[in-house]
Amino acid sequence: MVDLKSQYDKIKDTVNTSIQEVLDTNAYINGPQVHQFQKNLEEYLGVKHVIPCANGTDALQIAMMGLDLKPGDEVITADFTFAATVEVIALLQLTPVLVDVDLVNMNISIERIKRAITPKTKAIVPVHLFGRAANMEAIIAIAKENNLYVIEDNAQAIGANCKFSDGTKKKAGTIGHVGATSFFPSKNLGCYGDGGAIFTNDDALAHKIRGIVNHGMYERYHHDVVGVNSRLDSIQAAVLNAKLPLLNDYNEARRNAATKYNQALSINKNIVVPEFDSNGDDHVFHQYVIRITNGKRDGLLAHLQSKNIPCAIYYPIPLHSQKAYLDARYKEEDFLVTNKLVEEVIALPMHTELDDEQIKFITDSVLEYLK
């Protein structure tokens, strides 16, 4: 699904030099590369505080810990996403409230958020799924009206812009009270191991989170808050420093590939391609996901696999049906869109190194099966 080898080959000198600096200084934890990456990412995102951590799941959990949410508090999030989003809610003994998503953009449904709010609701966690920014203007309005926190899961959409009705833009992950992202190798901005970060414009919250990521310490052996051990190591920061200046180019390459996919595949009435403005920047295509509406999705999956074309189903089982998160409150009629997506979606290869020949082979193979 990704071609990290070809991507590395183009930047290997810069990456190798950055890693060698870490090896030369022996500053493997919280070294100068980590602090430099923090500053570089703050500048790129236009956010006051970036707090690096060990992975994207930790980033979500620490963000919630920083807000002092209490056991039993309800947190609304999307049913159609990766399990990490609901996993951390449950780990903190909060109450996950899963809601349906929008059929077109596959992000959390604004109307379903409104219906799910109760006196126990304390936070909303929108997921910028597959690289497309959620409707943050509407989500922020709902949060303000109901005095709720907004925690952005930005693991799949680093670099995407959220557009507002007044014409302004802000980077996904920087709009709510706090945002979280992942630097897993396959992400648009990925390191060569695990990594993550938390974003906020709130000075007091940033201070608390900096303690949480480091065992609750601000001064060595003085534990002021309950914390965890979650630090971005210096070698991963060195890789990210080498790749961050190229992130906009990487995202543009993904949008260009998506445009070519759309042009080729939209001729088939049984394929629903993702809607996006090819000149816009609210979608950075962490994944390129189409819907197959004639019941042949699983057959297409097998057909592509027989041709050694990487493909995947994100996500085959909705969260409300997962054994770990079953709840009597959930009714199938409340998840009609999610259940439909589960039966129809398929992701095709999407990465910065896709060329026209590869895209043609992939799209020809899809159309061949669905003709």
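The values are calculated or read from the model by the stated rules, or taken from the named source; none is laboratory data. In this text the structure is predicted, and so the values were computed from the model without any measurement. Cβ placement follows ideal geometry from the backbone for every residue including glycine, while neighbour counts extend to all protein chains displayed. Note: accessible area is taken over every heavy atom of the protein model, side chains too, but ligands, DNA and RNA are not part of it. Shrake-Rupley method; radii C 1.70, N 1.55, O 1.52, S 1.80 Å.
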Would you work out the Kirkwood radius for the range 241-286? I mean one over the mean of 1/r across all pairs of different Cα atoms, in Å.
11.6 Å
For the chain, convex hull of alpha carbons as volume per residue, Å³
139 Å³
In the range 1-159, if every C-alpha pair distance is counted and binned at 5 Å from zero, what percent goes to each bin?
2, 8, 15, 17, 18, 14, 10, 7, 6, 3, 1, 0
With +1 assigned to the C-beta of every Lys and Arg and -1 to the C-beta of every Asp and Glu, and no other charges, what is the dipole magnitude of the chain about the Cα centre in debye, to the nearest 20?
340 debye
Taking amide H positions as placed 1.01 Å from N in the peptide plane, with prolines and chain starts having none, which residues 5 or more places from Thr95, or on another chain, fall under 5 Å of its amide H?
Gly72, Asp73, Glu74, Val75
Using all alpha carbons of the range 159-273, what is the percent of pairwise distances in each 10 Å bin, ordered from the shortest bin to the longest?
12, 28, 32, 18, 8, 3, 0
Checking the a/c ratio against 1.5 first, then a/b against b/c, what shape does the Cα gyration tensor give for the range 179-226?
oblate
Env charge @ Gly295, Cβ radius under 11 Å, K,R +1 / D,E -1, value -1
Using a 1.4 Å probe on the protein chains only, how many percent of the accessible area of the chain belongs to carbon and sulfur?
50 percent
Quick one: the Cα spread of the range 222-371 along its three principal axes, in angstroms, biggest first?
67, 47, 31
Summed residue charge, Cβ within 11 Å of Leu67's Cβ, Lys/Arg positive, Asp/Glu negative:
0
Given the -39500 (n - 2.57) contribution per DSSP H run of 4+ residues, what per-residue ellipticity at 222 nm results for the chain, rounded to the nearest 500 deg cm²/dmol?
-12500 deg cm²/dmol
Is the range 14-60 best put as rounded, prolate or oblate by its Cα gyration tensor, with a ≥ b ≥ c the root eigenvalues, rounded for a/c under 1.5, and otherwise prolate when a/b is larger than b/c, oblate when not?
prolate
Among Asp24, Asp356, Asp281, which one shows the biggest mean-square fluctuation in a GNM of the chain, springs joining Cα atoms closer than 10 Å?
Asp24
Students sometimes get this wrong: rank Phe285, Phe361 by accessible area, probe 1.4 Å, all chains present, largest first.
Phe361, Phe285
Starting from 0.36 nm per residue, how many nanometres of slack lie between Met1 and Ala83 once their C-alpha separation is accounted for?
27.5 nm
Holding the Cα-Cα limit at 31 Å, pick out from Lys48/Lys260; Lys296/Lys360; Lys114/Lys163 the pairs that are longer than that.
Lys48/Lys260
Rounded if a/c is under 1.5, else prolate if a/b beats b/c, else oblate: with a ≥ b ≥ c from the C-alpha gyration tensor eigenvalues square-rooted, which is the range 134-190?
oblate
